[in-house]
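Taking it in order: structure first as structure tokens, then the write-up.
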Amino acid sequence: MRDHDCFSPTSSQARASRILAVASGGGHWVQLLRLRPAFAPASVTWVSASERDRAQIGDERFHCIPDGTRWSPFRLILVAMRLLIIILRSRPDIVVTTGAAPGLLALILARVLGRRTIWIDSIANVEQVSLSGRLARPFASLWLTQWPHLARPEGPTYQGAVLA
């Protein structure tokens, strides 16, 4: 399967697909939740940096991780260790993230482990792709922007906005 066919599996692959959906809290989480219909019929494990987000996903699998930023490098190590455990245990076929730092770490770890990955840059990044988005580029099987004017031949690509 080509990398850009992440959501175009055959019917037998779709039944077996496992998605790990990762986002920081707030707007990143809201945008990730808007993708929920696109994930069907896959089995989804959700990861957020906010325990409050658990209530929004019903009885689906959910993990809360610490949040981290570039200004808290030691905390990012803790986040990465927690994400590695989640990835190894959930064995996703695809990791999807809308950012920010925890999503980037999940993307890097998943790609190193041979998983397909999708980075969807936040719609809030109107002027340029986010720093996390730029860092995600070499680790993303599919690298997306939600703004058509930010799309480039070398990526990211534009396939629509999550929030309309």
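Nothing in this text is a laboratory measurement; each read-out follows from the coordinates by a stated rule. This one's a predicted model, so the numbers in the text were calculated from it and none came from an experiment. Ideal geometry is used to build each Cβ from the backbone, glycine not excepted, and the neighbour counts take in all protein chains shown.
Quick notes
- Cα point-scatterer Debye curve for the stretch 115-164, base-10 log of I(q)/I(0) at q = 0.13, 0.19, 0.32 Å⁻¹: -0.24, -0.52, -1.39
- Think of the chain as having a plus end and a minus end, set by charges on the Cβ of Lys, Arg, Asp and Glu; of GLY155, LEU84, LEU20, LEU84 sits farthest toward the positive end of this dipole.
- In this entry, the stretch 19-98 is assigned a mean projected area of 5.1 nm², taken as a quarter of its C-alpha convex hull surface.
- Karplus-derived 3J(HN,Hα) values for the stretch 34-43, using 6.51 cos²θ - 1.76 cosθ + 1.60 with θ = phi - 60°, are 5, 8, 3, x, 5, 7, 5, x, 5, 8 Hz; glycine and proline are entered as x.
- What the pair-distance distribution of the stretch 15-158 shows, using all Cα-Cα distances binned every 10 Å from zero, is 13, 46, 35, 6, 0 percent.
- Gaussian network model of the chain, Cα within-10 Å springs - most flexible of VAL95, VAL126, VAL22: VAL126
- Per-residue ellipticity at 222 nm, computed for the chain from helices alone with -39500 (n - 2.57) per DSSP H run of at least four residues, works out to -9500 deg cm²/dmol.
- Charging the Cβ of each Asp and Glu at -1 and of each Lys and Arg at +1, and nothing else, the dipole of the chain about its Cα centre rounds to 360 debye.
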